[in-house]
1. Within the group ARG195, ARG211, which residue is under 15 Å from the mean Cα position of the chain (by Cα), surrounded by fewer than 21 Cβ atoms within 10 Å (Cβ to Cβ) and not hydroxyl-bearing (Ser, Thr, Tyr)?
2. Residues ALA364, ALA329: which one is open to solvent by less than 10 Å² (accessible area, probe 1.4 Å) and outside any loop (DSSP other than H, G, I, E, B)?
3. Can you tell me which residue in the stretch 219-250 is nearest to VAL383 (Cα to Cα), limited to those that are modelled with pLDDT of 95 or more and part of a helix (DSSP H, G or I)?
4. Mind checking which residues of the stretch 88-102 are under 17 Å from SER120 (Cβ atoms) and open to solvent by 20 Å² or more (accessible area, probe 1.4 Å)?
5. Looking at the stretch 400-418, which of the residues that are β-branched (Val, Ile, Thr) and farther than 21 Å from ASP351 by Cβ is surrounded by the most Cβ atoms within 10 Å (Cβ to Cβ)?
6. Is there any pair linking a residue in the stretch 189-200 that is at positive phi and free of Cβ contacts under 8 Å to residues at least 40 places away in the same chain to one that is open to solvent by less than 90 Å² (accessible area, probe 1.4 Å) and part of a loop (DSSP other than H, G, I, E, B), with Cβ under 9 Å and at least six apart or on different chains, and which?
7. Confirm whether GLN56 is touching a helix residue (DSSP H, G or I) at 6+ places or on another chain (Cβ under 9 Å) and of a type outside the set (A, V, I, L, M).
8. Given the residues ALA24, ALA107, ALA65, ALA78, which is the only one that is at pLDDT below 95, open to solvent by less than 50 Å² (accessible area, probe 1.4 Å) and aliphatic (A, V, I, L, M)?
Amino acid sequence: MKKRLLSLLCVLVLTVSVIPAASALEGEAARAADTLSTLGLIDSTYNLDAPATRAQAAVLLVHLAGAEQAAAVDNWLAGFRDVPASIAQEVNYAARQGWITGVTATAFRPDAALTANAWSAFLLRMLGYSDKAGDFTIADAAGFAQRIGLFPIAYTGTLTQGDLFEMAADALSFSYRDGSATVIGRLVSQGTVSRAAANALGLLTPALTARQVADRCAAAVFRLDTYETEAYRDEGLVTGEASGFFITEDGLAITNYHSIADAVSATATLSTGDVYEVERVIYYDPDIDIAVIRVSHAALKGHDTSAFAALDIADSGTGDLRAGDTVYAIGNPLGLGLAVSSGIVSATQRDVERYALPCVMSTADISEGSSGGALLNVYGQAVAVTSGAYVYGNSMYLAVPIDPILTADLTGEGLTLPEVLEAETVG
């Protein structure tokens, strides 16, 4: 039985807090339109403030799939009687692929306003998700797309052309569900989009900016609320707030052990506001202060989901980190909601009495509530788990290495939080 955690050093504070959260991110329609226009996916005549239509969505969808030539030689007819000849090829082809549907069997309503849920459903189907298979519902398509990280912000109601372009530009860096490629990667490999244009826009550059990290990675991080007794849980009295992040789309997530050490119940709140229960602890080690938990797909608040956004773990863990490397931290500082910070690695092997393994020390800001958050390299891969800071130092933030997870057995049933608490108390 692993030993209980040692008492904290007086110079070290663990980052757990008890303050509520809120967050928001914004995009830029003009930047998105320029990106799509440069790639040849839209023409240069558009009105960002004008309503987007179902016709525009169908045409753009075929362009994002790199299927213009396939659509041009496909003579299949969807049976829609209201589609003009100018877009008939795209609409028929997209309908044949199962990406789009009509309002009725014979009406597509090409000039009708495009809703966020309709466009999200079109994109999700193109990427390999299926509403028929239960991956998502039409009524919650935009919410599901945000939960899996396809869009960094929430879209609701009818869309403007600017909204349509922002959502399409965000989709460029997203992977098809089978993992075969990203949307932009497939367009380039097919020759539909020039590699030079994609490179000039930074779409093929593996190193990410802070903005790209926020857009692409934040959806995989969540607020972790813990309860020390069932009575507190029943009364809604949160006794600890921390952070966590998903590493698989089916709900495996990483946090610090100290974040769950005294809890009998816990919930994960996504950036969308959806709340899910922590079901099991699959792996934990108090000495290295790390835990892998499984989060339920059934929502306590919001929408059930078939998948979560997930972060990749760097293949070498912290092995390729060097002092001076840029890193990004994402967590729930002060319980105020997800936040992204950047910094450099100060030391890769900082011995701290509190931890059994040397820590990564960096200048990427974290605060109380960030315990269990993700420390990412410039490629958006998790390398460590944000955990603590030296109170009397400047920009001396600590993260425990993620390396043990690379070899841990995460296939077991695990334990409930009360079972972990009992085991460690008895031990």
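1. ARG211
2. Only one candidate passes the filter, namely ALA329.
3. Step by step, filter the stretch 219-250, then rank; the result is ALA220.
4. GLN97, GLY98, TRP99, THR101
5. Going through the qualifying residues, I end up with THR416.
6. GLY191/GLY66
7. Spelling it out, GLN56 is indeed touching a helix residue (DSSP H, G or I) at 6+ places or on another chain (Cβ under 9 Å) and of a type outside the set (A, V, I, L, M).
8. ALA78
The values are calculated or read from the model by the stated rules, or taken from the named source; none is laboratory data. Everything numeric here is computed off the predicted structure, so don't read it as measured data. Note that we place each Cβ from the backbone using ideal geometry, even for glycine, and neighbour counts take in every protein chain shown. All accessible areas refer to the heavy atoms of the entire protein, side chains included, with ligands and DNA or RNA removed. Shrake-Rupley method; radii C 1.70, N 1.55, O 1.52, S 1.80 Å.
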